[in-house]
Amino acid sequence: MRKNRRILEALNPNGKSKVSKNKLLLNGFNFDYFTNVYKTKSGKVYYFCYEQGYLQLKDDYYALVIKSEYVDKK
């Protein structure tokens, strides 16, 4: 899971980006490992590796996000 987190963090330096499934796999990402799942009211499912998350889009692309409630804790 830490490896997945590092990959997501490296591919998402600005907190929000889009990446292909192939690029994730080439970096060694494993879709079987995640820490939690968040489902929105509209039915979208985000998978998280700690604070780094991803959402499957069309055409084998993924939206990468950071879960702000983890980052904004003081």
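The values are calculated or read from the model by the stated rules, or taken from the named source; none is laboratory data. What you are looking at is a predicted structure, and each value in this text was computed from that prediction instead of being measured. In this analysis, Cβ positions are derived from the backbone assuming ideal geometry, glycine residues included, and neighbour counts consider all displayed protein chains.
In region 27-45, which residue that is over 12 Å from Leu8 (Cβ atoms) and surrounded by 10 or more Cβ atoms within 10 Å (Cβ to Cβ) is farthest from the chain's Cα centre (by Cα)?
Applying the filter and picking the extreme gives Lys44.
Select from region 1-54 the residues that are touching a Ser or Thr at 6+ places or on another chain (Cβ under 8 Å) and not in a strand (DSSP E or B) and list them in ascending order. If you could, list the steps in order and put the result at the bottom.
Going through region 1-54, the residues touching a Ser or Thr at 6+ places or on another chain (Cβ under 8 Å) turn out to be 1, 11, 46, 48-50.
Hits for region 1-54 are Met1, Leu11, Tyr50.
Could you run through region 10-41 and say how many residues are charged (D, E, K, R) and without any contact (Cβ under 8 Å) to a residue 12 or more places away in the chain?
Residues flagged as charged (D, E, K, R) and without any contact (Cβ under 8 Å) to a residue 12 or more places away in the chain within region 10-41 amount to 3.
Within region 46-53, identify whether any single residue is modelled with pLDDT of 95 or more and exposed (fewer than 15 other Cβ atoms within 10 Å of the Cβ), and answer yes or no.
No.
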